[in-house]
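As structure tokens, the structure follows; a few thoughts come after it.
Laboratory data are not the source of any read-out in this text; all were calculated from the coordinates shown. Computed from a predicted model, the values in this text were never measured in an experiment. Heads up, the Cβs are rebuilt from the backbone with ideal geometry, glycines too, and the neighbour counts pull from every protein chain shown.
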Amino acid sequence: MRRLIFESEHEQFRDSVIRFMQNEVGPHADRWREAGIVDREIYRKAGAQGLLCTWADEKYGGAGIDDFRFEQIIIEENMRHGDIGFYINLHSNLVAPYIAKLGNEEQKSRLMPGIISGEAILAVAMTEPSTGSDLAGIKTSAQDRGDHWLLNGAKTYISNGILGDVIVVAARTDPKSRHGLGLFLVERGMEGFERGRKLAKMGLKAQDTAELFFSDVKVPKANVLGEPTQGFAYLARFLAQERLVGAIGFMATAQTAFDLTLDYVKQRKAFGKPIGAFQNSRFVMAQMRAELDALQTYVDQLVLLHNAGQLTAEDASSAKLLCSELEGRVMDACVQLHGGAGYMEEYRISRMYTDARISRIFAGTSEIMKEIIGRSLGLDERKLS
């Protein structure tokens with residue numbers, strides 16, 4: 001399908017991103033999956049190539065590109081030609097915006113150059129052992145001690161938990177308010193900050209996920225992002241972009257799975273002819289092609305809305321819901337069309353299948369997405385009762 005939202009400058013940029021992913025990321029993917037972590041060096045290489053935070057201000061070393069299509073291209077081509085475990089999207093589009101948009105000039109001047117160059121790898125710590133999608137239930141606490149905040153608690157399932165040098169940590173600052181949270185910049189080496197085990201996962205094998213522990217960590221006042229009681233509002237403010245980033249990635253992996261399977265069914269033979277020649281195979285592939293094209297058009301439109309500052313939480317939730325669910329269906333169908341080979345880890349489709357299962361869970365489960373969309377329709381029990 002021809003995608004009309006991209007212009008010649010985008011396609012030239014895409015070509016350069018493809019070369020980077022094919023040369024610097026793809027060849028290392030097997031080793032990274034076995035190690036359970038990517039090389040730190042890949043972030044520095046991406047920074048040198050100008051692929052980290054393309055939107056960031058030039059005075060900090062960014063390109064100052066106010067066009068999310070460039071970030072969309074990076075996400076898509078990492079999924080196709082790089083490795084899903086290289087969490088460049090988390091670094092550039094989920095965590096860095098907290099610092100760039102909430103940070104004061106001192107914080108941005110101190111941190112953004114290293115973030116853009118890849119010297120400082122980012123993570124965000126929200127999820128706790130007993131708290132998932134309900135951020136208002138966060139128990140990690142931060143107490144104001146005059147010249148610093150005293151941070152205590154634990155986080156789990158933290159992406160880039162091992163590699164992370166600067167971690168945005170959500171902690172309760174007002175015990176009397178469910179929404180009284182603050183966002184704190186915890187840096188590698190702070191006393192009392194410890195990393196737990198690197199967690200073994202079903203998929204995303206190359207991406208390091210860990211537990212984090214905070215025991216009387218003295219966080220300087222200079223490391224508080226924005227107002228120390230407005231963290232809940234800040235988190236909500238950035239969720240729309242996070243879910244759009246997810247939708248872009250889900251579509252890219254689904255499109256890639258389709259392409260792999262199309263090649264496979266044309267070559268694999270059964271009963272003397274390619275399995276793609278059987279009516280069932282044709283119908284399954286045709287259904288996927290139609291759904292992928294339709295939903296890709298929707299995602300592309302939302303990227304343009306995001307560029308215009310008009311992306312709503314409801315639209316982003318719809319995209320996250322539909323794209324993650326479609327990705328799951330596509331992966332299942334593609335494994336089925338691969339037959340026994342689809343169950344073998346040596347085939348990429350097998351790894352993609354397990355990688356994709358998390359898509360319907362992180363950044364808000366499918367059920368939470370439905371709640372958000374439903375409430376936007378006025379279907380809220382508090383208003384209807």
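Tabulated values for the structure
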{"quantity": "Three-way shape call for segment 122-222 based on the alpha-carbon gyration tensor, with the a/c threshold at 1.5", "calculated": "oblate"}
{"quantity": "Most mobile listed residue (ALA290, ALA29, ALA170) in the chain, GNM with C-alpha springs under 10 Å", "calculated": "ALA290"}
{"quantity": "Filter on LYS59/LYS108; LYS108/LYS221; LYS155/LYS201; LYS108/LYS139; LYS201/LYS370 - keep pairs with C-alpha separation over 18 Å", "calculated": "LYS108/LYS139; LYS201/LYS370"}
{"quantity": "Table column - 3J(HN,Hα) (Hz), segment 290-296, Karplus curve with 6.51, -1.76, 1.60, x for Gly and Pro", "calculated": "5, 5, 5, 5, 5, 6, 4"}
{"quantity": "Dimensionless Rg ratio for segment 13-159, taking C-alpha atoms and the 2.2 N^0.38 Å reference", "calculated": "1.16"}
{"quantity": "Estimated dipole of the chain in Debye, rounded to 20 [Cβ of Lys and Arg +1, of Asp and Glu -1, Cα centre]", "calculated": "880"}
{"quantity": "Net dipole in debye of segment 123-228 [+1 Lys, Arg Cβ; -1 Asp, Glu Cβ; about Cα centre; nearest 20]", "calculated": "300"}
{"quantity": "P(r) histogram, all alpha-carbon pairs of segment 269-312 included - 5 Å bins from 0, percent", "calculated": "5, 20, 15, 12, 12, 9, 9, 7, 6, 4, 2, 0"}
{"quantity": "Positive-end residue, segment 8-120 charge dipole about Cα centroid, Cβ charges, pick of GLY118, ALA35, PHE13", "calculated": "ALA35"}
{"quantity": "Residue-wise HN-Hα coupling along segment 69-85, computed from phi with Karplus coefficients 6.51, -1.76, 1.60 (Hz; x: Gly, Pro)", "calculated": "4, 5, 5, 4, 4, 4, 4, 4, 6, 5, 5, 7, 10, x, 8, 4, x"}
{"quantity": "Euclidean distance of C-alpha centroids, segment 261-286 and segment 28-54, integer Å", "calculated": "36"}
{"quantity": "Kirkwood-based Rg to Rh ratio, the chain, C-alpha trace", "calculated": "0.98"}
{"quantity": "Normalised per residue, the volume of the convex hull around the Cα set of segment 1-95 (Å³)", "calculated": "104"}
{"quantity": "Share, in percent, of DSSP beta bridges within the chain that are antiparallel, nearest 5", "calculated": "85"}
{"quantity": "Residues with amide H under 5 Å from that of LEU212, placed H, sequence gap 5 or more", "calculated": "LYS155, THR156, GLY196"}
{"quantity": "Long-range Cα-Cα pairs in segment 233-384 (distance over 19 Å), rounded percent", "calculated": "57"}
{"quantity": "Inter-part distance where segment 191-211 and segment 73-113 are each reduced to a Cα centre, Å", "calculated": "19"}
{"quantity": "Inter-centroid distance (Cα atoms) of segment 333-357 relative to segment 137-156, Å", "calculated": "43"}
{"quantity": "Per residue convex hull volume, Cα atoms of segment 187-239, in Å³", "calculated": "134"}
{"quantity": "Vicinal HN-Hα couplings computed from phi for segment 161-170 (Karplus, 6.51 cos²θ - 1.76 cosθ + 1.60; Hz; Gly/Pro x)", "calculated": "x, 8, 6, x, 9, 10, 10, 7, 10, 8"}
